[in-house]
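S.K.: Quick one: the structure is below, and I'll ask about it shortly.
The values are calculated or read from the model by the stated rules, or taken from the named source; none is laboratory data. Everything quoted here is computed from the prediction, not taken from an experiment. Methodologically, a virtual Cβ is constructed for each residue, glycine included, from the backbone with ideal geometry; neighbour enumeration extends over all protein chains shown. Heavy atoms of the whole protein, side chains included, go into the accessibility calculation; ligands, DNA and RNA do not. Shrake-Rupley method; radii C 1.70, N 1.55, O 1.52, S 1.80 Å.
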2 protein chains.
Amino acid sequence: MTASGVSVRTGAHALFEVLEQWGIDLLFTCPGSTEAAVLDASIDVPAMRMVLTTHESIAVSAADGYARVTGRPAVAYLHANVGLANGIAHLACAASTRTPMLVLNGLKSTEMQNRGGFTTSPYPAEPARQYVREARVLLETGALAEDLTRTIAATLTEPGGPAYLGLPQNLVEAPFAGPVPAMQRHHVSSRRRPDPAAVDAAAALLRAARAVTIVAGAEIANDTARRALGALAARLGAPVLIEDRRTMTAAGILGDDPAFAGVYAPEHPAVVASDVLLFAGMPSFTEFEPLRTPVVPAGATVIHLCSDAAEVAKREGVDVGLIGNAALALADLLAALGPGAATNPSHRETAVAAARTKREGHRTAMRARYGESPLHPLVACNALAECLPRDAYVVGDAVTTNGYLADAVIPGSQREFLATGGGSLGWGMGAAIGVKLAKPDATVVSVTGDGAFQFGVQALWTAALLALPIVFVVIDNESYAAVKAGIKRYRRRGGRPDGDVFPASDLPGADIAMISRGFGAYAETVASVVEIAPAIERARAFDGPSVVVIKTDVAHTGP
Amino acid sequence: MTASGVSVRTGAHALFEVLEQWGIDLLFTCPGSTEAAVLDASIDVPAMRMVLTTHESIAVSAADGYARVTGRPAVAYLHANVGLANGIAHLACAASTRTPMLVLNGLKSTEMQNRGGFTTSPYPAEPARQYVREARVLLETGALAEDLTRTIAATLTEPGGPAYLGLPQNLVEAPFAGPVPAMQRHHVSSRRRPDPAAVDAAAALLRAARAVTIVAGAEIANDTARRALGALAARLGAPVLIEDRRTMTAAGILGDDPAFAGVYAPEHPAVVASDVLLFAGMPSFTEFEPLRTPVVPAGATVIHLCSDAAEVAKREGVDVGLIGNAALALADLLAALGPGAATNPSHRETAVAAARTKREGHRTAMRARYGESPLHPLVACNALAECLPRDAYVVGDAVTTNGYLADAVIPGSQREFLATGGGSLGWGMGAAIGVKLAKPDATVVSVTGDGAFQFGVQALWTAALLALPIVFVVIDNESYAAVKAGIKRYRRRGGRPDGDVFPASDLPGADIAMISRGFGAYAETVASVVEIAPAIERARAFDGPSVVVIKTDVAHTGP
């Protein structure tokens, strides 16, 4: 007997039973009538929090943010072919970050799908298929619990990633008999250690190295992996860099870690000074446009560790590749190295000190520019960083400004930084909702450009509904600066005149603060550094979402 | 030598040359850096109007509206995998209305696609494939003009529909030599007449009929087909109905046509009184949920004419199916019937008079309710209809209210009515932009619900940029009424208690007028009938987009 007083246990009830077993107590959705049974059954499951969004892109990005911060699977339940379509762009991002996300897709009754009924399509899973690890459509009610169980398990199987299950309306509405699979018997750890021969080979290279520098990727951005990395870096006397903005979706180590020495670049002094580079827990370098310069200095020995075999030796070759779980592999490496001291103990000290000096110089230079007008986004990001709590979660989705932002908010702090691995604007505003729901006590700050704001604007509605005190910062240059930058690069490549006409790239006229207030947010607009800190303070004091629009130089088009 | 002073003619220039040949002078886009060459080349093509949108869904729906009203192909140029994804939901709608829409998709350089570069995907065309008639990816610059030519031709080949062409950045940027295909040699009319045997069989049925009723579908909604239908209906003495809201994407005939007798339903008196029904220029009945009742009265003889063979005899069988161009087929039918008079001349008169009487009764009943509060959406739609110009274009995307709206605005007027054949919210606001650009002198009114408003909200930005005086009416019931209605039906079907709890279905808190003002629109909110006409008048007087929010009964969940 269910709580609603109805004795029929439906497929929808079984669905919630499976989710409950796996500890999933949030469901992000933008429903349609195909989800009627699920919505109705949710009344019987008070422990399940249904999070309503007003656009599927928000459901997907919020689930992404939640799953990335907790490491636990999150659910986005999307409606029919059109709802799924609206979620695909951010699903592509979740695929690139290997987020354990379950995309459930309410489909029309099996009776009418092949008759071309409303919002049906011949191949429901097709738009999602290339971005997920599993894509199945439920074929009978009796299989619902086991199909769902397998789909959840797929999201968690290292290297992890989204998975899709289509759920026809009639099959979810029908009575469901029998037990659901016991999670304990299906939750199998897929953390794997790399080939010991590869570990030994890597250890030999590290032992013989003159100086080692480590680049910590997003797979290191959790306590277990960070501890393992910290121990290895100490043993090697290696400074640790975070990924550059091309691949950085999370800061592998915190900016106040004693080994932190800045952001990776082939010309970084610590990289130049090293003969062995260990890229740990990160994908291959992602090209924005075909790269014409080497991603590592000539002659450097490269060890690359990643849980995703497809990312190792994908473009450049490696000297040793390690495929496996980051924490386990780093522990194996440490064990294989055995006791001993760093060959070059000053290498790390030098790099960390140089990074600190550079950072302080940069900060001084920035402060000297605090009075300038119009505001350069680089200056705006530095001023912003000065007034954010040192342990905030910063979700960066600011395109041309994202590199400035990461450089400003990470070094010297304990802030977690999340970025998208895709390029779908608006991801950050939805992701911030998921982060805040995962970390209710943390200060969560979303930073987007004004272009991305229009893509993620519906996040304000959900944040207002749930009274989530997220600070949404909008770097407003009234343009698609990345498009202008692309046009400039194109003109340079082809020796074309670099005029000041940039068709279809300007975004004048939107009063972002007013739009935000319309959604129920607290909002203000600032245009100078001196206004930023007080605005952020007022924003943080609001019991719900707030928006701080920082007007920046419209002529600037990125680094 | 191009106008920008550069002598290199690129693939992008060839692209514009092809579009120009086909008379395409508008390009809807939301660009990224992959489109740099196209944006730059557009400077050399002043006749091409680049319409910037701030979300791909608007580019696609605006192109859809433009193409549907003009019958000419329209272009949506989308950026990379994520931009395409954002356009897919409305592309599904365009597929259902067989809109001649060209989806161009800027892809990353071929050099890096297989290396998994940023915003690449293994199968770029896959999300679009099931919604388009052609889906190709350009493989070399030299083939650009011919690939594009074939893709445009595909959109126009009856029954028509969207087509996709992926355009890698490097291939579009490269020099292009040689001529582009002469449009005159590739623009081949695909209008076809149906099998003469089928025409004769249909004519025989019509000749022998006691009474014929015609249902005019969206394929009739153009001058040529309407003239042909008018002549046939006069010869047969047949009243003409428009499609019911399940399939109606355009009113086949105008509401002030002397043959107009209302909206199709199996129980419509004119349908009940007929022994032969001619469904002309429309798809098969689309099921929202599996239909349990017949779509035509038992014993009725059915003739179904459609340009899309897949739509005839798709679910129900037919007595005679006619596959071909609507205007040509109707002329063939008239010719096959030969001269003569209607068997039953009073049938049409009776039906038209009955429809008029019913309409007048309805209008009186509505007026009697003009004082009620809260406002029923049916009453709101009728009051709205009274103050809109009799020749307005009404784009309806109001979900549970759309049937009320069509019933209110079409009968007795010359208004063109456009609706979506899909179910992707927000379509209407973008489509209205396309309609207004196609018909600059017409009054264009978009009507959406408050749910759909959040999906199409970015349309306001483009409408403001172009100062398009479109009136966006929002029927604001602060809920996803269709979802609530779905939950109610589900509870009824399963004998579940119909409580008043509807999880994830309420949309409180958005101040739609304020959001709209933030985008640069004129906006006001009304909650009573007496306020509607003055608000519409002020809205129409504004030199740019305007928004009239009509607050309606939050407890109402549709027909």
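S.K.: Determine whether region B:407-428 contains at least one residue that is assigned to a helix (DSSP H, G or I) and basic (Lys, Arg).
M.R.: No, region B:407-428 contains no residue that is assigned to a helix (DSSP H, G or I) and basic (Lys, Arg).
S.K.: Please give the number of the condition A:Glu173 fails out of (1) in contact (Cβ under 8 Å) with a residue 40 or more places away in the chain; (2) among the charged types (D, E, K, R); (3) open to solvent by 60 Å² or more (accessible area, probe 1.4 Å).
M.R.: (3)
S.K.: Under 7 Å between Cβ atoms, which residue pairs at least 6 apart in sequence (or on different chains) link something in region A:110-122 that is assigned by TED's automatic domain parsing to the domain that holds A:Val172 and within 16 Å of B:Ala94 (Cβ to Cβ) with a partner that is open to solvent by 20 Å² or more (accessible area, probe 1.4 Å) and hydroxyl-bearing (Ser, Thr, Tyr)?
M.R.: These pairs meet every condition: A:Phe118/B:Thr286.
S.K.: Condition first: open to solvent by 10 Å² or more (accessible area, probe 1.4 Å) and among the charged types (D, E, K, R). Now tell me which residues in region A:57-85 satisfy that.
M.R.: A:Arg68, A:Arg72
S.K.: Just to be sure I understand, how many residues within region A:475-489 are of a type in the set (Val, Ile, Thr) and within 12 Å of chain B (Cβ to nearest Cβ)?
M.R.: Residues flagged as of a type in the set (Val, Ile, Thr) and within 12 Å of chain B (Cβ to nearest Cβ) within region A:475-489 amount to 2.
S.K.: Ok, one more. Looking for something farther than 23 Å from A:Pro411 by Cα, modelled with pLDDT of 95 or more and open to solvent by 30 Å² or more (accessible area, probe 1.4 Å) - is there at least one such residue anywhere in region A:275-284?
M.R.: yes
S.K.: Could I ask something else about it? When you scan region B:504-518, how many residues do you find that are more than 7 Å from chain A (Cβ to nearest Cβ) and open to solvent by 20 Å² or more (accessible area, probe 1.4 Å)?
M.R.: Going through region B:504-518 one residue at a time, the tally reaches 2.
S.K.: When you check B:Leu104 against the structure, is it away from chain A (no Cβ under 11 Å) and either among the hydrophobic types (A, V, I, L, M, F, W, C) or touching a residue at least 60 places away in the same chain (Cβ under 8 Å) (or both), yes or no?
M.R.: Criteria met by B:Leu104.
S.K.: Something else: Taking the condition of being more than 21 Å from the chain's Cα centre (by Cα), facing chain A (nearest Cβ under 9 Å) and open to solvent by less than 20 Å² (accessible area, probe 1.4 Å), how many residues in region B:42-51 meet it?
M.R.: 1
S.K.: List the pairs whose first member sits in region A:228-248 and is within 14 Å of chain B (Cβ to nearest Cβ), whose second member is β-branched (Val, Ile, Thr) and open to solvent by 10 Å² or more (accessible area, probe 1.4 Å), and whose Cβ atoms are under 6 Å apart, counting only residues at least 6 apart or on separate chains?
M.R.: Cβ pairs passing all conditions: A:Asp244/A:Val263; A:Arg246/A:Thr286; A:Thr247/A:Thr286.
S.K.: Could you tell me which residue of region B:108-164 is nearest to the other protein chains (Cβ to nearest Cβ), considering only residues that are open to solvent by 40 Å² or more (accessible area, probe 1.4 Å) and assigned to a helix (DSSP H, G or I)?
M.R.: B:Glu111
S.K.: Further, regarding this structure: With more than 11 Å from chain A (Cβ to nearest Cβ) and open to solvent by less than 60 Å² (accessible area, probe 1.4 Å) as the only criterion, which of B:Glu524, B:Glu531, B:Glu537 stands out?
M.R.: B:Glu524
S.K.: Also, quick follow-up: Give the residue that is most open to solvent (accessible area, probe 1.4 Å), with candidates limited to residues of region A:300-351 that are in a helix (DSSP H, G or I) and not hydrophobic (A, V, I, L, M, F, W, C).
M.R.: Only one residue fits best here, namely A:Glu349.
S.K.: Kindly provide the set of residues from region B:199-229 that are part of a helix (DSSP H, G or I), open to solvent by less than 60 Å² (accessible area, probe 1.4 Å) and touching a helix residue (DSSP H, G or I) at 6+ places or on another chain (Cβ under 9 Å), ordered by number.
M.R.: Result: B:Val199, B:Ala202, B:Ala203, B:Ala204, B:Leu206, B:Ala218, B:Glu219, B:Ile220, B:Ala225, B:Arg226, B:Ala228, B:Leu229.
S.K.: Among the residues of region A:180-198, write down those that are outside any helix (DSSP H, G or I), under 31 Å from the mean Cα position of the chain (by Cα) and in contact (Cβ under 8 Å) with a residue 60 or more places away in the chain.
M.R.: A:Pro181, A:Ala182, A:His187, A:Arg191, A:Arg192, A:Arg193, A:Pro194, A:Asp195
S.K.: Just wondering, is there one or more residues in region B:353-366 that are open to solvent by 30 Å² or more (accessible area, probe 1.4 Å), at pLDDT 95 or above and touching a Lys or Arg at 6+ places or on another chain (Cβ under 8 Å)?
M.R.: No: region B:353-366 contains no residue that is open to solvent by 30 Å² or more (accessible area, probe 1.4 Å), at pLDDT 95 or above and touching a Lys or Arg at 6+ places or on another chain (Cβ under 8 Å).
S.K.: Out of all the residues in region B:439-461, is one or more among the hydroxyl-bearing types (Ser, Thr, Tyr), surrounded by 24 or more Cβ atoms within 10 Å (Cβ to Cβ) and within 14 Å of another protein chain (Cβ to nearest Cβ)?
M.R.: Yes, the conditions are met somewhere in region B:439-461.
Per-residue answers, yes or no, for (1) of a type outside the set (Val, Ile, Thr); (2) closer than 29 Å to B:Cys93 by Cβ:
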{"residue": "B:Leu171", "(1), (2)": "yes, no"}
{"residue": "B:Ala174", "(1), (2)": "yes, no"}
{"residue": "B:Arg185", "(1), (2)": "yes, no"}
{"residue": "B:Arg192", "(1), (2)": "yes, yes"}
{"residue": "B:Asp195", "(1), (2)": "yes, no"}
{"residue": "B:Ala201", "(1), (2)": "yes, no"}
{"residue": "B:Val215", "(1), (2)": "no, yes"}
{"residue": "B:Ala231", "(1), (2)": "yes, no"}
{"residue": "B:Thr249", "(1), (2)": "no, yes"}
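S.K.: Considering each residue of region B:395-441, count those that are in contact (Cβ under 8 Å) with a residue 24 or more places away in the chain and out of contact with any helix residue (DSSP H, G or I) (no Cβ under 7 Å at 6 or more places or on another chain), and give that number.
M.R.: 9
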